[in-house]
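Step one of this worksheet: look at the structure below.
The values are calculated or read from the model by the stated rules, or taken from the named source; none is laboratory data. Everything numeric in this text was worked out from a predicted model, so none of it was measured. Using ideal geometry, Cβ is built from the backbone for each residue, glycine included, and neighbour counts are taken over all protein chains shown. Heads up: the accessible areas ignore ligands, DNA and RNA and are worked out on the full protein's heavy atoms, side chains in. Shrake-Rupley method; radii C 1.70, N 1.55, O 1.52, S 1.80 Å.
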Amino acid sequence: MSSTSAPNCPQPSIEQNESTIASPAAATALASLYARDKTLVDRAFNHLTQNALELIDKLLLQEYDLVLSSHGGTAKSLNEVQKEEQCNLALAQSCIRRIVYRCLDKYSRLFSSPDVVEDALKCYSLPEALQQQLASKYSTNDHPTQPTTWYEALQQLKFLASDEKVLDQDKLWRLILEHPMTAYIPVQCQRCGHVVPDHYPLQQTDADVGIKEVSPTGTEIEIRAGFFRGPRKAVVFELTCPHCKQVSMWYRSGHPKVVLNPNKWGRLCGEQEDLRLTLAEYLNIPLRLVCPLDWDHVWSEYQTSPTLMKYSPFAAWKVEDGSARNFCRRLDEGIGSWTRVWAIHPNPEWCQDVTHEYLKYQKDGGRADDREDEDDDAMNSYKQAVKYARNDSTGSLTQANTCNGYILARANFTDDDVTVELRRAATEYGSKEWWQLHV
């Protein structure tokens, strides 16, 4: 099935709903709480479980009472319901801002110079079997090639995407997305290829599958935190293969020289998108991150219209990855639900709550592939699953066991409200902290 694009038309103007803006006092309370215990707040927001949310709710309400009292008023001037509503708004806004800031941190961190990207593309000699695979699939009679590096593989794709020496960037990007250079690679033994189980919630302990966290050796490049068999700090993993007993080392990183390692190096969905962002910037192809809320995954949409300027808000967005287009159908896997889907980019006009697009069939203007064996009842069941997960205060209905969607639901945020906050956060990134709602 071909990729789908969002309507190629201006985004409608969305006005701020004043009822979804936390009061200055509630905003001050959040900033005070962060100043009082930065580590606790960061840890809670990193993985907003029911317990973490209950603790933040309690502490923020206490801080809010102190703020009200210190400004010459009294905490009794508002009843408990009104105070909770203001705190809920502050947490909803800050929840959105923190996620946007984390995504924009990724953009700023990954935008490498062309020289750095080319060095990474030329760094490794590809395994002979992979060279033969690329030659068989991508060579043509008038251009027979067997690339020995990723750089040569990219030149091969550029040739295929060119017509009379004019490069079709849309075609090039489609080729890159389906290419082994950007493929998902599970964490595995780097000798025999035995895959480390990555189910979550965990069905086996780290010791059961033969991995442990170890200290860095000093040779690693940009180790970062991430989700692997649960949330992890920036650590190095040592795998003792239960089959061949080989010891392999692996860690998460967004640096292209690490992610492009072709020698059975794990490239999870986060690394996939890191690499796609890096290559898109290198090739001058507009790309925006797509993040599902309360589900550990990420993918991207790319802008295709060659007549539009790179940072125009009048965007035609495509989703090439079938599993991403049909993300609603992952709700059938029985591992939990997601609660929203957001598109995020440094250009605020490209930031949007796109949940509705992923909960519609293409025939209705959405992303999901049309299927003869499915009707509207199937899509309605997906919508209900998302709705139930949003209203679950425990987070137990979500894949990540987190409560981000619930935080927004209890604050009565609509899709438009979320979009306004996404764009505000992208606008204020770099000038305010995520926890600074009013300055």
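One table, with the values for the structure above:
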quantity: Residue match in region 152-159 (condition: of a type in the set (S, T, N, Q) and either touching a strand residue (DSSP E or B) at 6+ places or on another chain (Cβ under 9 Å) or surrounded by fewer than 16 Cβ atoms within 10 Å (Cβ to Cβ) (or both)); calculated: yes
quantity: Lone unmet requirement of (1) in contact (Cβ under 8 Å) with a residue 60 or more places away in the chain; (2) in contact with a strand residue (DSSP E or B) (Cβ under 9 Å, 6 or more places away or on another chain) for Gly322; calculated: (2)
quantity: Subset of region 92-109 that is surrounded by fewer than 22 Cβ atoms within 10 Å (Cβ to Cβ) and of a type outside the set (D, E, K, R) - its residue that is farthest from the chain's Cα centre (by Cα); calculated: Ser108
quantity: Pick from region 132-143, criterion open to solvent by less than 60 Å² (accessible area, probe 1.4 Å) and part of a helix (DSSP H, G or I), ranking: farthest from Pro286 (Cα to Cα); calculated: Ala135
quantity: Considering residues of region 147-177 that are over 20 Å from Tyr124 (Cα atoms) and part of a loop (DSSP other than H, G, I, E, B) only, the residue modelled with the highest pLDDT; calculated: Ala161
quantity: Region 149-172, residues that are farther than 26 Å from Asn263 by Cβ and of a type in the set (D, E, K, R); calculated: Asp163, Glu164, Lys165, Asp168, Asp170, Lys171
quantity: Given (1) aliphatic (A, V, I, L, M); (2) open to solvent by less than 50 Å² (accessible area, probe 1.4 Å); (3) at pLDDT 95 or above, index of the condition Ala22 fails; calculated: (3)
quantity: Region 103-114 residues that are of a type in the set (Phe, Trp, Tyr), paired with ones that are surrounded by 14 or more Cβ atoms within 10 Å (Cβ to Cβ) (beta carbon under 8 Å, 6 or more apart); calculated: Tyr107/Leu277; Tyr107/Leu289; Tyr107/His345; Tyr107/Pro346; Phe111/Leu277; Phe111/Thr278; Phe111/Glu281
quantity: Any hit, region 341-356, residues being free of Cβ contacts under 8 Å to residues at least 60 places away in the same chain and part of a loop (DSSP other than H, G, I, E, B); calculated: no
quantity: Region 281-307: number of residues that are of a type in the set (A, V, I, L, M), within 22 Å of Val354 (Cβ to Cβ) and surrounded by fewer than 20 Cβ atoms within 10 Å (Cβ to Cβ); calculated: 1
quantity: Matching entry among Glu372, Glu301 (being acidic (Asp, Glu), part of a loop (DSSP other than H, G, I, E, B) and out of contact with any Gly (no Cβ under 9 Å at 6 or more places or on another chain)); calculated: Glu372
quantity: Any hit, region 39-50, residues being at pLDDT below 95, hydroxyl-bearing (Ser, Thr, Tyr) and open to solvent by 30 Å² or more (accessible area, probe 1.4 Å); calculated: no
quantity: Test: residue in region 148-159 that is within 30 Å of Trp434 (Cβ to Cβ) and not aromatic (Phe, Trp, Tyr); calculated: no
